1. Restricting attention to segment 46-80, which residues are in a helix (DSSP H, G or I), in contact with a helix residue (DSSP H, G or I) (Cβ under 8 Å, 6 or more places away or on another chain) and open to solvent by less than 70 Å² (accessible area, probe 1.4 Å)?
2. Given the structure, is F32 free of Cβ contacts under 8 Å to residues at least 24 places away in the same chain, out of contact with any strand residue (DSSP E or B) (no Cβ under 8 Å at 6 or more places or on another chain) and closer than 23 Å to S80 by Cβ?
3. Can you report the number of residues in segment 20-45 which are over 21 Å from L64 (Cβ atoms) and open to solvent by 90 Å² or more (accessible area, probe 1.4 Å)?
4. Can you confirm whether F18 is closer than 14 Å to Y75 by Cβ, touching a residue at least 40 places away in the same chain (Cβ under 8 Å), assigned to a helix (DSSP H, G or I) and aromatic (F, W, Y)?
5. Within segment 8-19, track down each residue that is surrounded by 14 or more Cβ atoms within 10 Å (Cβ to Cβ) and polar (S, T, N, Q).
Amino acid sequence: MNNDIMDSWTWGHIALGFVMGRAKFSFSSVVFIAIAWELIEPGLKSSYPDAFPHNSVDSNLNKLGDVMGVLLGYYAGRKS
């Protein structure tokens, strides 16, 4: 968990991106939100480990996959 480009949270990231696409968020705001979350998530996991089902730190590959999942969902949401 949290080491591969895709994991059990990938669908959640795609769904979030889809919702933001349907809500007509701007592309730049979606990119900002997705990257900002990946940057603050390790600190939150360190400070509040019980709030996360898998509190291990994400690998860089997993972070990339998470952002790509959000963007894929966003694209699908904008096109539907």
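The values are calculated or read from the model by the stated rules, or taken from the named source; none is laboratory data. The shown structure was predicted, so the numbers you read here are calculated from the model rather than taken from an experiment. Because the Cβ atoms are built from the backbone with ideal geometry, glycine has one as well, and the counts that use them run over all protein chains shown. These area figures cover heavy atoms from the full protein model, side chains too; ligands, DNA and RNA do not enter into them. Shrake-Rupley method; radii C 1.70, N 1.55, O 1.52, S 1.80 Å.
1. Those that are in a helix (DSSP H, G or I), in contact with a helix residue (DSSP H, G or I) (Cβ under 8 Å, 6 or more places away or on another chain) and open to solvent by less than 70 Å² (accessible area, probe 1.4 Å): K63, G65, D66, V67, G69, V70, L71, G73, Y74, A76, G77.
2. For F32, the condition - free of Cβ contacts under 8 Å to residues at least 24 places away in the same chain, out of contact with any strand residue (DSSP E or B) (no Cβ under 8 Å at 6 or more places or on another chain) and closer than 23 Å to S80 by Cβ - is met.
3. Counting residues in segment 20-45 that are over 21 Å from L64 (Cβ atoms) and open to solvent by 90 Å² or more (accessible area, probe 1.4 Å) gives 2.
4. yes
5. Result: T10, single match.
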